[in-house]
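These notes concern the structure reproduced below.
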Amino acid sequence: MLKGIAYCVGVGCGDPELMTLKALRVIRENRVIAVVGENYQNALAYKIALQNVPQLPQKEILALPMPMTKQTDVIRKYQQQNTCRIESYLDKGENVVALTLGDPSVYSSLHYLRKMLLEHNYPVQTISGVTSFCEVANTLNIPLSQWDGEIHILPALYQKSFTDFPKGTLVLMKASENVALLKQYIRANGLSAWAVEHCGMEKQKIHYGVDNIPDKLPYFTIIIVQSEAPFLNPTNLPKD
């Protein structure tokens with residue numbers, strides 16, 4: 001029997017209207033849907049897909065528990081268990097559609113799954129989704145890059161210090177920690193910054209300028225820092 005296909009599907013960053021037609025087709029055409037999280041109904045990726053695919057609860061939902069910990073041995077244990085569960089369906093010729101926020105190639109919780117499945121010679125197809133940092137820039141009506149400008153993407157959660165600002169644009173994802181330290185650096189170097197919480201979701205909140213960015217931010221926050229502020233018309237800024 002031929003092995004089933006594992007689909008790693010990006011559902012976008014929050015706004016259900018930003019899901020791709022290909023993502024919707026694959027979800028609708030397949031019976032087994034995998035979602036990271038023990039309580040899959042609370043998973044953001046599931047909630048986003050549900051708004052476009054109301055028949056989702058009638059499908060077989062495979063919850064993939066993954067504790068929020070930095071203990072590599074614990075993480076590895078759950079990664080292997082989740083991969084084995086997916087493979088049990090693929091071995092029977094059943095496709096499995098795994099959902100993830102944003103795009104599967106950017107800090108995705110599905111990367112371990114894709115990597116292990118490919119190592120075990122299972123067919124994998126990855127479907128792109130709209131990334132959160134692109135949507136943040138478009139929400140703010142600012143460019144991420146111009147001409148020869150560079151874009152640097154960092155996981156703010158793991159940054160312990162800020163020293164030399166890279167040329168171009170700095171995108172800080174998961175900017176829930178070390179915000180006060182970052183703000184000190186921004187002020188000291190005369191940089192421009194914007195922060196967007198829960199981009200594309202109902203509780204989206206925008207902070208313009210370093211002085212308006214709180215020291216404490218939720219996990220799903222992106223901060224964009226640039227050396228030169230693009231033109232912003234204060235009478236035509238997007239509303240929260």
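The table that follows gives values for the structure above.
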quantity	calculated
Lys22 being touching a Leu at 6+ places or on another chain (Cβ under 8 Å), in contact (Cβ under 8 Å) with a residue 24 or more places away in the chain and among the charged types (D, E, K, R)	no
Candidate set from the stretch 1-20 (those that are β-branched (Val, Ile, Thr) and buried (at least 17 other Cβ atoms within 10 Å of the Cβ)); member that is farthest from Thr139 (Cα to Cα)	Ile5
Which numbered condition Glu197 fails, given (1) more than 26 Å from Ala45 (Cβ to Cβ); (2) out of contact with any helix residue (DSSP H, G or I) (no Cβ under 9 Å at 6 or more places or on another chain); (3) among the acidic types (Asp, Glu); (4) at pLDDT 90 or above	(1)
One residue from Ala45, Ala23 being more than 14 Å from the chain's Cα centre (by Cα), within 22 Å of Glu135 (Cβ to Cβ), crowded, with 18+ Cβ neighbours inside 10 Å and assigned by TED's automatic domain parsing to the domain that holds Gly93	Ala23
Exclusive hit being touching a Gly at 6+ places or on another chain (Cβ under 8 Å) and either in the same structural domain as Val171 (by TED's automatic domain parsing) or over 30 Å from Lys205 (Cα atoms) (or both), set Val32, Val74, Val96, Val124	Val96
Where a residue in the stretch 144-162 is surrounded by 14 or more Cβ atoms within 10 Å (Cβ to Cβ) and its partner, wherever it lies, is of a type in the set (Lys, Arg) and at pLDDT 85 or above, with Cβ under 8 Å and at least six apart	Ala156/Lys174; Leu157/Lys174
Selection within the stretch 203-228 - without any contact (Cβ under 8 Å) to a residue 40 or more places away in the chain and assigned to a loop (DSSP other than H, G, I, E, B)	Lys203, Gly209, Ile213, Pro214, Asp215, Glu228
In the stretch 56-97, the residues that are touching a residue at least 60 places away in the same chain (Cβ under 8 Å) and in contact with a helix residue (DSSP H, G or I) (Cβ under 6 Å, 6 or more places away or on another chain)	Val96, Val97
Matching option when the condition is more than 25 Å from Ala156 (Cβ to Cβ) and of a type in the set (Lys, Arg), among Lys77, Lys70	Lys77
Residue selected from the stretch 212-234 under the condition polar (S, T, N, Q) and loosely packed, with under 12 Cβ neighbours inside 10 Å, by the criterion modelled with the lowest pLDDT	Asn233
Leading residue by the ranking (farthest from Val96 (Cα to Cα)) among those in the stretch 26-42 that are under 16 Å from the mean Cα position of the chain (by Cα) and crowded, with 19+ Cβ neighbours inside 10 Å	Val36
Test: residue in the stretch 174-191 that is touching a strand residue (DSSP E or B) at 6+ places or on another chain (Cβ under 6 Å), within 28 Å of Glu17 (Cα to Cα) and part of a strand (DSSP E or B)	no
Qualifying residue in the stretch 76-97 (condition: at pLDDT below 95 and more than 26 Å from Asn121 (Cα to Cα))	no
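Residues checked against (1) under 20 Å from Leu2 (Cβ atoms); (2) exposed (fewer than 14 other Cβ atoms within 10 Å of the Cβ):
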residue: Lys59; (1), (2): no, no
residue: Pro67; (1), (2): no, yes
residue: Gln79; (1), (2): no, no
residue: Asp91; (1), (2): yes, yes
residue: Val96; (1), (2): yes, no
residue: Thr100; (1), (2): no, no
residue: Gly129; (1), (2): no, no
residue: Ser132; (1), (2): no, no
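The values are calculated or read from the model by the stated rules, or taken from the named source; none is laboratory data. Given the structure is predicted, the values throughout are model-derived calculations rather than measurements. Every residue, glycine as well, gets a Cβ built from its backbone with ideal geometry; the counts of neighbours run over all protein chains shown.
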